[in-house]
Amino acid sequence: MNQKNADLLLSLLGFVFVCSFLAFVIARSGILENISGQLAREVQERDEEPQAVSAITPGPPPALPVVPEGGRPASAEAGAWLKGADYPGEALRNDWQGTVSVVWRIDTNGAVGDCYVVESSGHRVLDEASCRLVKDRARYKPARDANGRAVASLDRRRIVWRLPE
């Protein structure tokens with residue numbers, strides 16, 4: 001072995017020794033655990049989806065005064081609220097279908113407020129989609145009492161989610 005090769009080998013061994021020593025010091029100091037723990041927390045925070053606000057109002061629907069005959073709020077055809085593209089992706093992927101019974105509150109301006117699931121489809125994603133679509137798309141003329149004043153009211157529907165064929 002010539003002198004040039006021997007110097008190169010000696011430099012390489014010195015480098016390996018220094019790297020091994022640094023790895024030992026780092027392992028003993030706990031720096032890697034701190035770094036990997038922090039990295040794991042950052043990845044978890046990044047990957048967590050923000051919690052969506054539920055469209056479903058918890059609890060039973062309120063008891064509102066009986067709306068007089070002819071006082072039922074006028075709305076667009078309920079079937080127009082739902083379109084095939086509204087089927088939740090998660091439900092499609094899992095072949096989920098079902099019927100959701102929902103009741104919602106209509107305020108004195110005709111806007112839909114709280115939405116209650118009275119009978120679940122058995123799949124939260126379908127229940128959520130039902131209330132979300134009603135809140136987003138249902139439009140009403142407010143119900144009126146015997147004196148013609150706008151009053152809050154309730155409406156209800158059974159929404160059937162069927163997988164496309």
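No lab work stands behind these numbers, since they all come straight from the coordinates. This structure is a prediction, so every number in the text was calculated from the model and none was measured. Because the Cβ atoms are built from the backbone with ideal geometry, glycine has one as well, and the counts that use them run over all protein chains shown.
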- prompt: In nm, to one decimal, how far is the residue 101 label point from the residue 149 one, both placed 7 Å along Cα→Cβ?
  reply: 3.2
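Assuming R0 = 25 Å, what is the FRET efficiency of residue 111 and residue 54, from their Cβ-Cβ distance, to the nearest 0.05? Can you show the working numbers first?
Values: r = 18 Å, r/R0 = 0.74.
The calculated FRET efficiency here is 0.85.
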task: Averaging sequence separations of C-alpha pairs under 8 Å and six or more residues apart, then dividing by the length of region 74-161, give the relative contact order as a whole percent.
output: 39
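Give the calculated FRET efficiency between residue 141 and residue 92 to the nearest 0.05, with a Förster radius of 30 Å applied to their Cβ-Cβ distance.
Details: r = 35 Å, r/R0 = 1.16.
After rounding to 0.05, the efficiency reads 0.30.
I need the fraction of alpha carbon pairs in region 91-159 separated by more than 21 Å, rounded to a whole percent. Don't jump to the answer; show the numbers that get you there.
Values: 747 of 2346 pairs.
Across region 91-159, Cα pairs with separations above 21 Å total 32 percent.
By how many nm would the segment from residue 162 to residue 2 grow when fully extended, if each residue of separation counts as 0.36 nm and the alpha-carbon distance is taken off? Don't jump to the answer; show the numbers that get you there.
Details: separation 160, 0.36 × 160 = 57.60 nm, distance 8.15 nm.
Value of the extension gain: 49.4 nm.
So how do 119-128, 147-156 stack up, highest first, on mean other-Cβ count within 10 Å?
Ranking, from highest mean packing down: 119-128, 147-156.
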